[in-house]
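Okay, structure first, notes after.
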Amino acid sequence: MPALDRAPADRRRIGRRDCRTPPRLPAPAWQNHGMHRVAVVTGASSGIGAATAIRLAAAGYHVIAAARRAERVEALAAHIHAAGGAAEARQLDVTDRAAVDALADSLDRCDVLISNAGGAVGADQIADSRTEDWRAMYEVNVLGTLNVTKALLPKLISSADGTVVVMSSTAGFVAYEGGGGYVAAKHGVHALAATLRLELCGQPVRVIEIAPGMVKTAEFAINRFRGDADQAAAVYAGVAEPLTDEDIADAVTWAVTRPSHVNVDLMVLRPRAQAAQHKVCREQ
Ligand SMILES: NC(=O)c1ccc[n+]([C@@H]2O[C@H](COP(=O)([O-])OP(=O)(O)OC[C@H]3O[C@@H](n4cnc5c(N)ncnc54)[C@H](OP(=O)(O)O)[C@@H]3O)[C@@H](O)[C@H]2O)c1
């Protein structure tokens, strides 16, 4: 869980904000009226999801932090409480439709959904690809997003000011060798976000797609390469400053906290050293 277990010194960079203590945003109007807004964050046990949960809590949301690893989301919720925020941990597999429905039913309200759970499995060329890897990626990235969106949509609409944030990827627009199954899945996530935005036009729900490029999180590449630390490290080798989970969490929180009528349709974020999927500047 990078946002919590990294050594403090690692999180401080000269000339940049200390990301451990994101600045408190001005209290939005709904807070002044004593209302209690709820943000559900999936994949909150590590990386971008954990950092986003912390930032949304700092912005005043009551965060529901969900992931399969219960002990990780419980530690995250405790961390948020200790910092004066509000959070609950929920064990959840987003591919389990019944479990997703049960979580949605258990909530009094939902104002924001961050559908972030996802990831890549394998980097094989299509000729060598494993069907089970493609299925796993489709299930968590696409069907997981479908499940949480469907389950929470009635509450998002009845909040009268709902927001769905879908975590896609630059892989949702551009193919790359060895990316097949992940590229296909993230294209699916992009299609889901675009379709949902059209279908919800006229309803009080925004649909925001966040599409990161290279983000150096603790687990993403390790999971992709089935625990091979050398292969995972090679992804970021020589890249001066890949994006961090804090960078993405900052962007998500900014998009979510715009005035209700402002829909940030799509935000693409890449490190300066990555001009395109295939063009990465690596120092020798
Ligand atoms: N890192 C990048 O370069 C990058 C770039 C573009 C987009 N993204 C996207 O950003 C999102 C977060 O990535 P990350 O870098 O933060 O990776 P990460 O640290 O591996 O986070 C993935 C999260 O998803 C959760 N998850 C996986 N399967 C799940 C399931 N079936 N049900 C519920 N939760 C599940 C994991 O928690 P549990 O294992 O505890 O369930 C974990 O919290 C992903 O959708 C990823 O595709 C990442």
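The values are calculated or read from the model by the stated rules, or taken from the named source; none is laboratory data. If you're wondering where the values come from, they're calculated on a predicted model, not measured in any experiment. Neighbour counts run over all protein chains shown; Cβ positions are idealised from the backbone, glycine included.
Data overview
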| quantity | calculated |
| --- | --- |
| Failed condition for Pro8, given (1) crowded, with 20+ Cβ neighbours inside 10 Å; (2) at pLDDT below 95 | (1) |
| Among the candidates Ala67, Ala75, residue that is over 18 Å from Arg109 (Cβ atoms), touching a strand residue (DSSP E or B) at 6+ places or on another chain (Cβ under 9 Å), within 7 Å of the ligand (Cβ to nearest atom) and modelled with pLDDT of 95 or more | Ala67 |
| Residue match in region 112-135 (condition: more than 14 Å from the ligand (Cβ to nearest atom), in contact (Cβ under 8 Å) with a residue 40 or more places away in the chain, surrounded by 20 or more Cβ atoms within 10 Å (Cβ to Cβ) and at negative phi) | yes |
| Selection count where residues are out of contact with any helix residue (DSSP H, G or I) (no Cβ under 6 Å at 6 or more places or on another chain) and assigned to a strand (DSSP E or B), scope region 89-111 | 0 |
| Strands (runs of 3 or more DSSP E) contained entirely in region 193-284, each with at least 1 residues that are in contact (Cβ under 8 Å) with a residue 60 or more places away in the chain, out of contact with any Phe, Trp or Tyr (no Cβ under 7 Å at 6 or more places or on another chain) and not aliphatic (A, V, I, L, M) | 205-212, 274-276 |
| Subset tally (residues that are in contact with a helix residue (DSSP H, G or I) (Cβ under 7 Å, 6 or more places away or on another chain) and away from the ligand (no atom under 11 Å from the Cβ)) for region 187-208 | 10 |
| Meets criteria (within 11 Å of the ligand (Cβ to nearest atom), assigned to a helix (DSSP H, G or I), small (Gly, Ala, Ser) and over 21 Å from Thr257 (Cα atoms)) for Ala184 | no |
| Top-ranked residue of region 84-111 - restricted to ones that are within 15 Å of the ligand (Cβ to nearest atom) and small (Gly, Ala, Ser), ranked as nearest to Ala66 (Cα to Cα) | Ala89 |
| Scan of region 84-102 for residues that are surrounded by 14 or more Cβ atoms within 10 Å (Cβ to Cβ) and either over 18 Å from the mean Cα position of the chain (by Cα) or more than 13 Å from Val148 (Cα to Cα) (or both), ordered by number | Gly85, Ala86, Ala87, Glu88, Ala89, Arg90, Gln91, Asp96, Arg97, Ala99, Asp101 |
| In region 106-139, the residues that are within 15 Å of the chain's Cα centre (by Cα) and under 15 Å from Ala191 (Cα atoms) | Ser115 |
| Any pair with Cβ under 7 angstrom, 6 or more apart, that starts in region 83-97 at a residue that is basic (Lys, Arg) and ends at one that is near the ligand (Cβ under 9 Å from one of its atoms) and part of a strand (DSSP E or B) | Arg90/Ala66 |
